[in-house]
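The values are calculated or read from the model by the stated rules, or taken from the named source; none is laboratory data. Every value quoted in this text rests on a predicted model; they were computed, and no experiment measured them. Cβ placement follows ideal geometry from the backbone for every residue including glycine, while neighbour counts extend to all protein chains displayed. For the accessible areas, the whole protein counts, side chains as well, though only heavy atoms, and no ligand, DNA or RNA atoms are used. Shrake-Rupley method; radii C 1.70, N 1.55, O 1.52, S 1.80 Å.
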Amino acid sequence: MFFVYIDDSGDEAIRCFSALVIHESQWKTVHATVKQHRRGLKKSDAMLVTKELHATDFVAGRGRVGTQIVTKGRRCEIFRQTLAMVAGLPNVRLFNAISKRSKEKVLFEWLVNRINRTMAE
C-alpha cells in the first residue's frame, strides 16, 4: 500500500498538482525524518513545528512562522534545505503535473493515472 499526498497550486490561468508517494513500509522513517527536520528549524530559527510552510508566502517573507523574525535570505536557505531533505527521503516518489486551469480535471485524472501505473510496476 502507498500513501499519497496531493497538493494543488496555481493562479487564474495555470493549475499545478504535486503528489508525494510513500510506501507504507517507509512511513515511520519518513515521518521521523520530517519531524526531526522541523524540530531542528524550531531550535535554530524558533519556527513553529506545526506551521505549514507554503512556498510562495514563506520564501517571499510573508507571514509569521515562529516566535522570532526569520529573514527572507534565511527563509530561502530553509526552503533549499527542506527540498534537499524531501529529495533524500527513502523510496519516496514525487509527481508533478501542470496545465491550463481550464484543463484541471483532465490534468488531475492524468496525475492519478500516472501514479497508479507507476506504483503498479
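Placing a label point 7 Å from the Cα of Met1 along the Cα-to-Cβ line, the residues of the stretch 89-121 whose backbone N sits under 18 Å from it are 116, 119-120.
Between Leu20 and Ile69, the modelled label-to-label distance comes to 3.0 nm, taking each label 7 Å out from Cα in the direction of the beta carbon. When the chain is described by a simple charge dipole with +1 on each Lys and Arg Cβ and -1 on each Asp and Glu Cβ, the residue from Trp27, Trp110, Gly61 located farthest towards its positive end is Gly61. Based on DSSP H segments of at least four residues, each scored -39500 (n - 2.57), the chain has a per-residue ellipticity at 222 nm of -15500 deg cm²/dmol. Rounded to whole numbers, the Karplus 3J(HN,Hα) couplings from phi for the stretch 62-72 are 8, x, 8, 10, x, 8, 9, 6, 10, 5, 4 Hz, using 6.51 cos²θ - 1.76 cosθ + 1.60 with θ = phi - 60°, and x at Gly and Pro. Shape of the chain from the C-alpha gyration tensor: oblate (a/c of 1.5 or more and a/b not above b/c, with a ≥ b ≥ c the square roots of its eigenvalues).
Taking a probe of 1.4 Å, how large is the accessible area per residue of the chain, in Å²?
The answer is 70 Å² per residue.
Each of Ala46 and Asp8 was given a label point 7 Å from its Cα along the Cα-to-Cβ line. The distance between the two points is 3.8 nm. For the stretch 58-73, the residues whose amide N sits under 19 Å from a probe point set 7 Å from the Cα of Leu94 along the beta carbon direction are 58-60. Model label sites at Arg101 and Arg117, defined 7 Å from Cα along the beta-carbon direction, differ in position by 2.9 nm. Once backbone amide H atoms are built at 1.01 Å from N, Leu48 has Gly66, Thr67 as its partners under 5 Å, excluding neighbours fewer than 5 places away on the same chain. Surface composition of the chain: carbon and sulfur make up 55 percent of the accessible area, probe 1.4 Å.
Backbone amide hydrogens, once placed in the peptide plane, bring Ser99 within less than 5 Å of Arg15, excluding anything fewer than 5 places away on its chain. Taking the Cα centre of the chain as reference, the dipole from Cβ charges on Lys and Arg (+1) and Asp and Glu (-1) amounts to some 400 debye. For the stretch 62-119, the equivalent ellipsoid derived from the alpha-carbon gyration tensor has semi-axes of 32, 18, 8 Å in decreasing order.
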